[in-house]
1. Tally time: how many residues in the stretch 145-168 are part of a helix (DSSP H, G or I), more than 18 Å from the chain's Cα centre (by Cα) and not acidic (D, E)?
2. Sort through I199, I236 and tell me the only one that's under 24 Å from L61 (Cβ atoms) and of a type outside the set (S, T, N, Q).
3. Name the one entry in A130, A139, A146, A135 that is closer than 30 Å to L160 by Cβ, at pLDDT 95 or above and open to solvent by 40 Å² or more (accessible area, probe 1.4 Å).
4. Write out, first by first residue and then by second, each pair whose Cβ atoms fall under 7 Å of each other, whose residues are 6+ apart or on separate chains, and whose first residue, in the stretch 230-257, is free of Cβ contacts under 8 Å to residues at least 60 places away in the same chain while the second is small (G, A, S).
5. So the check is Cβ under 6 Å with 6+ separation or different chains; which pairs have a first residue in the stretch 159-178 that's closer than 11 Å to T79 by Cα and a second one that's open to solvent by 60 Å² or more (accessible area, probe 1.4 Å)?
6. Which residue out of V68, V10, V51, V47 is in contact with a helix residue (DSSP H, G or I) (Cβ under 6 Å, 6 or more places away or on another chain), in contact (Cβ under 8 Å) with a residue 60 or more places away in the chain, in a helix (DSSP H, G or I) and surrounded by fewer than 18 Cβ atoms within 10 Å (Cβ to Cβ)?
7. Can you tell me which of (1) in contact with a helix residue (DSSP H, G or I) (Cβ under 8 Å, 6 or more places away or on another chain); (2) in a helix (DSSP H, G or I) is the one G129 doesn't meet?
Amino acid sequence: MDYVKPADLVANMVDAGARKGALSIGQLLLRGILSGALLGVSTSLAVGANVQTGQPIVGALIFPVGFVMICLLGLELVTGSFALLPMAALDGHINATQVLKNWICVFIGNLIGSIIYAGLISIVLTNGGATAPNAVGQALIKIAVAKTHGYEQLGGAGILTAFVKAMLCNWMVCLGVAMSMVATSVLGKIVAAWLPIVIFFAQGFEHAVVNMFVIPAGMMMGANVSAYNWWVWNQIPVTLGNIVGGFLFTGLALYATQPKVKEVTDVAQVVKRTKAA
């Protein structure tokens, strides 16, 4: 059977978190850069689909392509790490220092990759700055303004809204990471991972890495958004919300459903060693 049972799934998530915690800084940065760029690619694709069809649901249906590529290639997305690394730490496989190293390095890598792609697509959408942004560029500008000034106009309620939308977002994103592990076939992984990602994107929830692309892209093409607007009214509260949602609603919740994860993991390691021998 292609299906991975829940107990094995959680054990695999713990194992994945432990392996991510052991990666070097260089690997975390490189994998993070590639992930940031790929998520930017799928975001611009989704925005383009929205513009062409006038139907946001179309963009939501195709947006997960970037996430699927990241999962299949074993790259690093910080939002997924917000669930996996604490699970491995709770199970005693890594320590808090390794968790923070992963989060910080992957966050920086995602940011670099996102901004690089934002710069490249901005060149494409403005013909190297020779023309005004096309329809997709204009849409990215509007999104950047909405994700910053839109919350700023609401004051504290705006910060709260961004935070809660980020919690809900990463609940789904981390479920996408988990769902990518419920099957052993490539097709099964793709279909399972696709579902929660469509949910978050279709409802306009807030994803820290998506925003690392879309807000700078809008700024590069003329959006009246400052670095202060970006970080204070979006990036910081959204990142914090992603941490809470990913850890609390997915990592901790799934870990709690399988109280003997450590035993399952230990048994799995014994089986692997026995097969290798």
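1. Initial filter on the stretch 145-168 (part of a helix (DSSP H, G or I)): 145-146, 149-152, 156-168.
Right, trim to more than 18 Å from the chain's Cα centre (by Cα) and you get 145-146, 149-152, 156-161.
Still in the list and also not acidic (D, E): 145-146, 149-151, 156-161.
Count: 11.
2. Values: I236 fails: under 24 Å from L61 (Cβ atoms).
None of the other options fit; the residue is I199.
3. On the way: A130 fails: closer than 30 Å to L160 by Cβ; A139 fails: open to solvent by 40 Å² or more (accessible area, probe 1.4 Å); A135 fails: closer than 30 Å to L160 by Cβ.
When all the criteria are applied, what remains is A146.
4. Close Cβ pairs (under 7 Å, with a partner that is small (G, A, S)) amount to Q235/A208.
5. Note: pairs meeting the criteria are W171/F249; M172/I199.
6. Working: V68 fails: surrounded by fewer than 18 Cβ atoms within 10 Å (Cβ to Cβ); V10 fails: surrounded by fewer than 18 Cβ atoms within 10 Å (Cβ to Cβ); V47 fails: surrounded by fewer than 18 Cβ atoms within 10 Å (Cβ to Cβ).
On inspection, the qualifying residue turns out to be V51.
7. (2)
So that you can scan it fast, the table gives a plain yes or no per residue for (1) in contact with an Asp or Glu (Cβ under 6 Å, 6 or more places away or on another chain); (2) under 15 Å from N229 (Cα atoms); (3) open to solvent by 60 Å² or more (accessible area, probe 1.4 Å); (4) not aliphatic (A, V, I, L, M):
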site: I108; (1), (2), (3), (4): no, no, yes, no
site: G113; (1), (2), (3), (4): no, no, no, yes
site: V124; (1), (2), (3), (4): no, no, yes, no
site: A162; (1), (2), (3), (4): yes, yes, no, no
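The values are calculated or read from the model by the stated rules, or taken from the named source; none is laboratory data. Quick caveat: nothing in here was measured; it's all calculated off a predicted structure. FYI the Cβ positions are ideal-geometry reconstructions off the backbone, even for glycines, and counts take in every protein chain you see. Note: accessible area is taken over every heavy atom of the protein model, side chains too, but ligands, DNA and RNA are not part of it. Shrake-Rupley method; radii C 1.70, N 1.55, O 1.52, S 1.80 Å.
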